[in-house]
Every structure is written in C-alpha cells, then in structure tokens.
Amino acid sequence: MQPKRFLKILATIHLALCVGLVLCAVFAFYQNGDFTARMNQQDIFIYIVPIVAAAGYFLSQLVFKKRIESISRKENLSIKLRKHQITSLIKYALLEGPGFLALTAYFWSGNALYLIIAIALIVYLFVQRPTAEKIKKELPLTLEEQKQFDNLK
C-alpha cells in the first residue's frame, strides 16, 4: 500500500465516523429537544456514561501507544501502514462507542451531561484526524519512508 492511498483511505474512514456521530447528535437533539442539567439518582446512565467515556478515552490512548510501539522499524512500509490502520481503527472505535452510548442516553433522558460528553468525544475523535505529519511522528519510519510522506504535503 502506498502512503498516499493509505492516508486517503484512513482519512475517509475517519471522516465517515465523525460525520456519523455528528449526525446522530443532531438527530438526538432535534428529536429530544430537551436540554436540562439534572442529577436523577434513578438514572443508571448517570454512572455508566462518564465511566465508559473516560475508559474509552484512556483505553484509546493506551492501546494505540502499545500497538504502535510494537511496530518494528525493520518491517516494510506496507506492513507498517496496515498495522497503523488497524491500530487507528481500534482507537476510533474506542472513542465512537462511548460517543454513541452518550448520545443514546441523551436521547432517552434529555440530560445535557450526556450530550456534553458526546460532544467532547466527537471533538477529540475529530482531532485524531490522520495526517502525513502525524503518521511520520507515530511510526518508526526509515529516512526513505519518511521522504515518501514528505511528498504528500
């Protein structure tokens, strides 16, 4: 796989995931219409959503870091890119899942806390957008492989 094609595919997948979450958030907001900040002790989501969101955030960072560290500089570029793509998709999933959970909880309850958590996860997911510079910094690339990414700018 060539770096240009790899970056285009990963960026497209990332954008689709972000757009899906944003559309779900807009749908939930317009269908619910409620935006109240109340602490209902009977609402089980009041405990689950923040814990799952925090776990998703920290796990996405931990898993990504550990899997990237396991990539050897000696592997060929195609294998490095494939491993990076799989690792990135895992990271995105660990952020998207809690985002959908928070949006579902907001849709059912109208509690603004859930929508705020979902928006924070969406923003963080959006910031994770793959770029040639980020990939160069994350992967253990040889000088020749780095030059292939320099040409993408």
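For this structure, a couple of remarks:
- Residues that are surrounded by fewer than 16 Cβ atoms within 10 Å (Cβ to Cβ) and assigned to a helix (DSSP H, G or I) within the stretch 127-145 comprise Val127, Glu133, Lys134, Lys137, Leu143, Glu144, listed in sequence order.
- Among residues of the stretch 76-87 that are over 15 Å from Lys4 (Cβ atoms), those with a beta-carbon under 6 Å from a residue that is surrounded by 15 or more Cβ atoms within 10 Å (Cβ to Cβ) and among the basic types (Lys, Arg) at least six positions away or on a different chain give the pairs Thr87/Arg67.
- Within the stretch 4-40, the set of residues being closer than 16 Å to Phe100 by Cβ and among the small types (Gly, Ala, Ser) comprises Ala16, Gly20, Ala25, Ala28.
- Within the set Ile71, Ile90, Ile119, Ile48, the sole residue that is open to solvent by 40 Å² or more (accessible area, probe 1.4 Å), at pLDDT 95 or above and over 22 Å from Ala28 (Cα atoms) turns out to be Ile90.
- In the set (1) open to solvent by less than 50 Å² (accessible area, probe 1.4 Å); (2) out of contact with any Lys or Arg (no Cβ under 9 Å at 6 or more places or on another chain), the condition left unmet by Leu62 is number (1).
- A Cβ distance below 8 Å, combined with a sequence gap of six or more or placement on separate chains, defines the contacts here; from the stretch 3-20, residues that are under 18 Å from Phe149 (Cα atoms) reach residues that are among the polar types (S, T, N, Q) and buried (at least 19 other Cβ atoms within 10 Å of the Cβ) in the pairs Leu10/Ser88.
- Condition check for Ile71: in contact (Cβ under 8 Å) with a residue 24 or more places away in the chain, under 24 Å from Val127 (Cβ atoms) and outside any helix (DSSP H, G or I): yes
- Residue match in the stretch 40-53 (condition: farther than 21 Å from Asn111 by Cβ, of a type in the set (A, V, I, L, M, F, W, C) and within 22 Å of the chain's Cα centre (by Cα)): no
- Filtered by the rule that a residue be touching a residue at least 24 places away in the same chain (Cβ under 8 Å) and basic (Lys, Arg), the stretch 88-135 gives Lys91, Arg129.
The values are calculated or read from the model by the stated rules, or taken from the named source; none is laboratory data. Computed from a prediction, not measured in an experiment: that's the story for all the values here. With ideal geometry, Cβ positions are generated from the backbone for all residues, glycine too; neighbour counts draw on all protein chains shown. Quick note on the areas: whole protein, heavy atoms, side chains included, nothing else; ligands and nucleic acids left out. Shrake-Rupley method; radii C 1.70, N 1.55, O 1.52, S 1.80 Å.
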